[in-house]
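Enquirer: What follows is a single structure, and I will ask about it in a moment.
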Amino acid sequence: MKYSVLERYPIKDLAGLYFVPFSLILSFVFGLVISMVVTIDMTIVRYASFLVSVVWLTLISTGVVGFLFIFNIGLMFGFGLNIGTLGWIFQYIHSEYNGEFIAFGTYFFILVVLSLRFALVSIFIKLVSPLLDGFSPLKVLLFILSSSSVYVLSGYIYSLGESAFPWFHPGAFLVDYIPTVFSVSGGLGVDFLLCFNVIGLAVLLYYGRFRTAAIYVAITVLAVSFFYFHSKNNTETTITSGNTVRLRVLHGANDVMTKQSSSSASAKVRKYLALSGFAPSPDLVIWPESSVPLASVLSRQTFISAMSSLVEKGTDVIYGAQFQKGLELVNVANQGTRGLKPVYTKQRLVPFGEFRPTFYKKLINMPLSRGEDISPVRKSQKPTSLSGQVELAISICFEALFSNTYREQLRHERPTLLLLLSDLQWSSAPWIKRYLLLIAQTRAAELGLFLAYSTNGGISAVIDPEGRILASVSGNKTEFIDAEVSALASSTTFSKYGDTPVIALSLLSIFCAGIWVASQWRRQRRQIHYKEI
């Protein structure tokens, strides 16, 4: 019989009765430590912390301990991981509700829901761990595939819910190194490849297959190096089929009080208008999310007149605004050439912050600080255009975390620019602002299109089709970026198929693993039955 490296030592005896409380606390602390490392402003450290968490959770779930213990281990680990990385949610919710108790209760509920993902992942890995018995190559491969699949698929399923917080996409950390892979598999596919490689290496080392593990690492390094140098050598993007657009991306530095004060809000709008008109005149100017809040007292006629003067100079403007529709408040993007009529409505809102999920409003009837929720709008929206020649696919802040946000707006064979508007002034955490920039890079690399990212309080940037940052600006000063980009037609594999191949592979892997485990259980029951006879 073959034993793993750890089974040669009496570590499994630690799962006794006296170790259970200590191990649960240790699991929580471990998750908390990992979460703190994740928030460090170093990509390689974040990447390494994710690898450690996946390896640890996978290996401990294949141990000899029971299902209830494994469930609690996963739950406590998830709780520790989320409580450290999602502290900003508590700050956000606290500012939106008029009661600290309600804010804390809501925050705790979110943590529990998100942590259940790790508990269920642990249970699944425990169920399929018999695949490792005997270390048959095909069964080990099925274990690695199915374990990777449940990590990725659980995150994807969570993103479909009304209370979704798809806050962590570990594959995004690699966008600067292997952007070519993103255009094929998308961010979800890179997440899957990352989990597959990490779990595969961990299993090989765990079972003492050091020679195979060395070959495994060598192949992985060669593959990553190939895609990395391929990306570096491909420094010039083909623009022969695209239309050149002169962009101006505004970067805001306005605090929350500015949006709530009518005079400050109006002064901000006037400044944005002035910056938009600076020579040389651009073709398109991008303003951040909620650039024109309801608090602005700038008259409708004055604003339309200022926009008209920009349009006469050949400059169009896409700006974030808040739109009052009856009693409903809607987060929108407007276009200078369309007057005050929204050309895009935000569909994915921050749950418990911008809106309260339906079930939550039934439980707690407490309004937000603004009085009304922002209304979520879930409908297909066609992209607007620039001078009828260039399509503009728009996303507003939180929506960028969802992979289909831009893809649903694309018209194939049409030159398109991606625009991202956000407002991150509410957060003082630098890693959140850098992380959303990584997500923006991911979306550009997935579709092979230029992306203009305008933010208030974050890191504004212009990103090329390889996910590289051409220019960026941050800090507490209102300024802008001028760049000349090309509107291209998206022709990547991801733009055609989206996440479908990754989801199909994940479901197939989980199904095959489930069939094998079920057959094993039936076989064991028959053997027990025959022995009793």
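Just so you know, all these numbers are worked out from the coordinates, no wet-lab data involved. Everything numeric here is computed off the predicted structure, so don't read it as measured data. All Cβ positions, glycine included, derive from the backbone under ideal geometry; neighbour counts span all protein chains shown.
Enquirer: Can you tell me the dipole magnitude for region 411-521 around its Cα centre, using point charges on the Cβ only (Lys, Arg +1; Asp, Glu -1), in Debye to the nearest 20? Please list the in-between numbers first.
Expert: Numbers: 8 positive and 9 negative charges, 40 e Å.
Its charge dipole is roughly 200 debye.
Enquirer: Of the peptides 109-115, 301-307, 210-216, how do they stack up when ordered by the mean number of other Cβ atoms within 10 Å, highest first? Don't jump to the answer; show the numbers that get you there.
Expert: Numbers: 109-115: 18.3, 301-307: 15.3, 210-216: 13.4.
Result, highest mean first: 109-115, 301-307, 210-216.
Enquirer: Right, here's the next one. Place the peptides 514-521, 186-193, 116-123, 152-159 in order of packing, highest mean first, counting for every residue the other Cβ atoms within 10 Å and averaging per peptide.
Expert: On the way: 514-521: 13.1, 186-193: 25.4, 116-123: 20.9, 152-159: 18.6.
Packing proxy ranking, top to bottom: 186-193, 116-123, 152-159, 514-521.
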